[in-house]
Amino acid sequence: MSHESTTAAHGFLSFFDGSPMRTLCFRRRALGAVRSVAGVWTSLSGQHARATRVVLAGIAIVTLSACHGLLDVSDPTLIRDQDVANAGGANGRRLNAESAFLGQTARAIMDVAYFTDEIAFDARLANLGYSDKMALDQRNGDLYAAHHQYDDPHLGTFDWIVTSTSLAIPQVRSYSPADLRGDFLGQLFAYRGYAIVQMAENVCPGFPINDITVDNVSVLSGPYSTDSALTFGISQLDSALADVVDSTSYRYVAQVAKGRALLDLQRYDQAAAAVSGVPTDFVYTSNPNYGNGFYVCPTCKWNFSGMPMGDGEGHNGLHFVSEHDLIRSPSRYMRQRFNDTTVADYASTKYATSNATYTLVSGTEARLIESEVALHNHDDAWLTILNALRTPAGLDPLVDPGTDSARVDLVYHERAFWMYLTGRRLGDLRRLIRNYGRHPESIFPTGQYPLGGSYGTATAIPFSFVDESAYNPKITAGCTTP
């Protein structure tokens with residue numbers, strides 16, 4: 001194993017616990033894993049249940065035995081803090097944070113797609129064990145929380161990014177070469193700020209942003225509101241902008257993420273200023289090694305894994321298929337819906353291969369922020385900016401719909417299509433509520449749910465109060481809003 005790989009692995013393990021590898025006991029994570037195994041065990045049915053239970057039993061045994069010496073290793077294999085107190089160790093920590101960011105943001109993007117109108121759901125997929133994703137699609141916060149009482153996968157996504165950057169930043173400050181240090185710090189603070197802004201947009205208020213010290217001591221957080229989390233995220237992005245030296249990529253990532261947060265906070269002119277200078281053709285993507293969850297094999301017989309595109313979902317959803325926008329939301333026929341064979345399902349071809357990358361930040365988003373700011377300021381440039389994006393793509397120019405409400409609808413329609421399946425849609429819908437006074441039932445999918453019952457009323461992804469409060473005494477309540 002290379003030195004960088006070894007130190008990256010140490011950084012990964014440090015996320016779970018600060019003790020040396022020979023006595024590594026996952027504590028809360030181990031308990032959460034066993035509880036999760038128990039939950040899955042009781043929910044299993046069908047022909048694969050027996051084999052799956054054997055695997056789950058093995059996982060539980062290995063997890064628990066890791067805390068009782070069976071998997072202890074001898075001292076010569078220990079990686080101690082002094083072993084990584086050098087440039088190689090610092091780079092390993094940085095690479096671990098990069099891996100966490102590029103890998104974990106994919107989950108956030110997928111959860112946003114389920115929760116909003118971007119992706120629909122199919123009965124066959126529920127039968128294959130995707131019932132927690134169905135709860136997201138149905139906006140049923142209580143059902144989703146019931147699936148994740150003893151783990152918190154969505155919030156945990158961001159925890160990993162925050163803690164891995166916390167471990168990396170002091171190492172980089174102390175040991176990275178001077179000519180690389182500023183850009184490495186800019187990268188880490190940009191990732192950290194981006195993750196916190198995404199957390200603020202996705203998760204219901206009242207969630208913690210837990211952290212860790214360089215000595216692997218947990219720092220438990222009190223509850224954050226949406227505004228306080230956005231403000232915290234901006235502070236991290238400001239650090240990125242202060243530290244970065246030569247890397248325009250990390251600078252642009254920080255600029256656009258900061259503009260996005262300022263837009264959420266209704267600090268419109270500051271938002272436009274934040275994204276000024278970001279080129280329209282700038283794109284920052286995920287790593288192809290992590291793949292994506294939206295790819296649907298066009299030659300596979302059943303295509304069970306792919307979620308169908310939303311197309312007017314729940315009355316309010318946008319028509320990502322039937323508008324036939326082959327540039328921004330391309331699609332192809334996938335199958336007839338299992339629970340209603342009169343309905344055709346279409347798969348998105350935006351991600352044409354299994355390792356296609358997600359767009360995480362773009363110059364297009366910078367222009368869309370500027371358009372929304374111009375509209376807020378009653379500046380006709382809002383429409384000019386939108387058409388300047390459309391013309392090079394071969395899309396027909398837009399015309400002014402004539403009323404303030406319709407103009408807002410048009411700007412958010414353009415945002416939805418330009419940034420389809422990039423993790424922005426939930427933040428946009430919540431901003432329509434917060435900044436423009438829209439009623440949730442007028443913008444989220446609503447009414448009768450296709451798989452039975454009705455859509456729920458949640459307007460953000462809930463965190464697991466049971467899980468968070470079990471080890472964090474500062475969290476005494478769950479979501480403070482639906």
Listed by first then second residue, the pairs whose first member lies in segment 263-281 and is farther than 13 Å from residue 431 by Cα, whose partner is modelled with pLDDT under 95, with beta carbons under 8 Å and at least 6 positions apart or on separate chains, are none
Q. Does at least one position in segment 381-392 carry a residue that is closer than 28 Å to residue 262 by Cβ and not in a helix (DSSP H, G or I)?
A. no
The number of residues in segment 241-290 that are among the hydroxyl-bearing types (Ser, Thr, Tyr), in the same structural domain as residue 101 (by TED's automatic domain parsing) and not in a loop (DSSP other than H, G, I, E, B) is 5
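To keep it simple, each residue is scored yes or no on (1) hydrophobic (A, V, I, L, M, F, W, C); (2) surrounded by fewer than 19 Cβ atoms within 10 Å (Cβ to Cβ); (3) modelled with pLDDT of 75 or more.
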| site | (1), (2), (3) |
| --- | --- |
| 130 | no, no, no |
| 135 | yes, no, yes |
| 138 | no, no, yes |
| 149 | no, yes, no |
| 157 | no, no, yes |
| 160 | yes, no, yes |
| 163 | no, no, yes |
| 167 | yes, no, yes |
| 173 | no, yes, yes |
For segment 395-446, the count of residues that are of a type in the set (Ser, Thr, Tyr), assigned to a helix (DSSP H, G or I) and out of contact with any Leu (no Cβ under 8 Å at 6 or more places or on another chain) equals 3
Going through (1) more than 28 Å from residue 248 (Cα to Cα); (2) at pLDDT 95 or above; (3) not hydrophobic (A, V, I, L, M, F, W, C) one by one, residue 364 fails only at (1)
Quiz item: Out of all the residues in segment 301-316, is one or more of a type in the set (Asp, Glu) and surrounded by fewer than 20 Cβ atoms within 10 Å (Cβ to Cβ)?
Solution: no
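Being at positive phi, within 19 Å of the chain's Cα centre (by Cα) and surrounded by fewer than 23 Cβ atoms within 10 Å (Cβ to Cβ): is that true of residue 206 here?
Taking the combined requirement at face value, the residue satisfies it.
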Listed by first then second residue, the pairs whose first member lies in segment 117-137 and is over 17 Å from residue 453 (Cα atoms), whose partner is modelled with pLDDT of 80 or more and assigned to a helix (DSSP H, G or I), with beta carbons under 7 Å and at least 6 positions apart or on separate chains, are 118/425; 119/113
- Item | Qualifying residue in segment 71-88 (condition: within 29 Å of residue 355 (Cβ to Cβ) and modelled with pLDDT of 90 or more) | yes
Of the residues in segment 447-474 that are of a type in the set (Gly, Ala, Ser), under 16 Å from residue 145 (Cβ atoms) and not in a loop (DSSP other than H, G, I, E, B), the one that is nearest to the chain's Cα centre (by Cα) is 469
Counting only residues in segment 88-109 that are surrounded by fewer than 23 Cβ atoms within 10 Å (Cβ to Cβ) and in contact with an Asp or Glu (Cβ under 7 Å, 6 or more places away or on another chain), the one nearest to residue 422 (Cα to Cα) is identified as 95
Residue 397 fails exactly one of (1) over 22 Å from the mean Cα position of the chain (by Cα); (2) in contact (Cβ under 8 Å) with a residue 24 or more places away in the chain; (3) closer than 25 Å to residue 276 by Cβ, namely (2)
Counted residues in segment 436-482 being modelled with pLDDT of 90 or more, surrounded by fewer than 16 Cβ atoms within 10 Å (Cβ to Cβ) and closer than 16 Å to residue 137 by Cα come to 5
Condition met for residue 346 (free of Cβ contacts under 8 Å to residues at least 60 places away in the same chain, part of a helix (DSSP H, G or I) and either not β-branched (Val, Ile, Thr) or not assigned by TED's automatic domain parsing to the domain that holds residue 107 (or both)):
no
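The values are calculated or read from the model by the stated rules, or taken from the named source; none is laboratory data. Just so we're clear, the structure is a prediction, and the values are computed from it rather than from any experiment. All Cβ positions, glycine included, derive from the backbone under ideal geometry; neighbour counts span all protein chains shown.
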